[in-house]
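Some notes on the structure that comes next.
Please treat every number below as a calculation from the coordinates, not as lab data. Note that the structure is a prediction, hence the values are computed from the model and not measured. We place every Cβ from the backbone using ideal geometry, glycine too, and count neighbours over all the protein chains shown.
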Amino acid sequence: MATNRTFTMIKPDAVEKGHIGGILNMITEGGFKIVSLKLTQLTVADAQKFYAVHSARPFFGELVEFMTRGPIVAAILEKDNAVEDFRKLIGATNPAEAAEGTIRKKYATSIGENAVHGSDSDENAAIEGAFHFAGRDMF
Ligand code: GDP
């Protein structure tokens, strides 16, 4: 059963380049309601935990370094079929393969520095959202 919430991060590369506004605009224009929102920074422990599924991959160290090098925007988004629809809106992991009109096509520069995160399942969306936001900060 598809649930109606997903979790996103605007990654350090996009925050550094001043793309917070542009990306949030694509998110709301895409029909997503922002339920929770904040500017924050991941610690090394946070990033290692968040990306634990990739811990054996050769790029893991690079990924943790990238994700902790500056602030990110964390957000919970609401829409029917949120997880799947948001994955469509962000596009493929590698921007060279991302479809026209997607956030990564417009703002990502490489497979590593790819501007945004989008949860890959309803279960992970709930875990990732709860990691950043308490109930009183979900609207
Ligand atoms: P996603 O679900 O589309 O974000 O992709 P994955 O779950 O496969 O990978 C998680 C994140 O790891 C990606 O969004 C990238 O930031 C990073 N990543 C994936 N593949 C590579 C790679 O080959 N090199 C580097 N440096 N980072 C990668």
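Could you give each residue of the stretch 17-28 its phi-based ³J(HN,Hα) in whole Hz, using Karplus coefficients 6.51, -1.76, 1.60 with θ = phi - 60°, and x for Gly or Pro?
8, x, 9, 4, x, x, 6, 4, 5, 5, 5, 6
For the stretch 45-139, with the dipole built from +1 on Lys and Arg beta-carbon atoms and -1 on Asp and Glu ones, taken about the Cα centre, which of VAL73, TYR51, PHE133 lies farthest toward the positive end?
VAL73
Pull up all non-local amide H partners of VAL35: gap of 5 or more, or a different chain, and H-to-H distance under 5 Å with H placed in the peptide plane.
Here the answer is ILE76, LEU77, GLU78, since their amide H atoms fall under 5 Å of that of VAL35.
Roughly how big is the chain's charge dipole about its Cα centre, with Cβ charges of +1 (Lys, Arg) and -1 (Asp, Glu), in debye to the nearest 20?
220
Using θ = phi - 60° and the Karplus form 6.51 cos²θ - 1.76 cosθ + 1.60, what ³J(HN,Hα) does each residue of the stretch 78-83 get, whole Hz, x for Gly and Pro?
10, 5, 4, 6, 4, 4
Under a point spin-label approximation (7 Å from Cα along Cα-to-Cβ), what is the LYS33-VAL53 distance to one decimal in nm?
2.7
Leaving out same-chain residues fewer than 8 places away, which aspartates and glutamates sit with a Cα under 16 Å from that of LYS17?
LYS17 reaches GLU113.
Give the long-range amide H neighbours of GLN41: residues separated by 5 or more places, or on another chain, with amide H under 5 Å away, using H modelled in the peptide plane at 1.01 Å from N.
Long-range HN contacts for GLN41: ILE72.
Using packing as a proxy for protection, rank 6-17, 27-38 so that the peptide with the highest average count of other Cβ atoms within 10 Å comes first.
Values: 6-17: 22.4, 27-38: 15.9.
My ranking of the peptides, most packed first, is 6-17, 27-38.
Under the Kirkwood approximation applied to all pairs of distinct alpha-carbon atoms, what is the hydrodynamic radius of the chain in Å?
Kirkwood hydrodynamic radius for the chain: 14.9 Å.
For the stretch 123-139, just list the computed ³J(HN,Hα) in residue order, Karplus coefficients 6.51, -1.76 and 1.60, θ = phi - 60°, integers in Hz, with x standing in for Gly and Pro.
Once θ is set to phi - 60°, the couplings for the stretch 123-139 become 4, 5, 4, 5, 5, 5, x, 5, 5, 9, 10, 7, x, 5, 9, 10, 10 Hz.
Hey, can you rank 94-106, 76-88 by average C-beta count inside 10 Å, highest first? Spell out each step's value before the answer.
Details: 94-106: 16.0, 76-88: 18.9.
In descending order of packing, they fall as 76-88, 94-106.
Give the long-range amide H neighbours of VAL116: residues separated by 5 or more places, or on another chain, with amide H under 5 Å away, using H modelled in the peptide plane at 1.01 Å from N.
For VAL116, whose amide H was placed from the backbone, the distant partners under 5 Å are LYS11.
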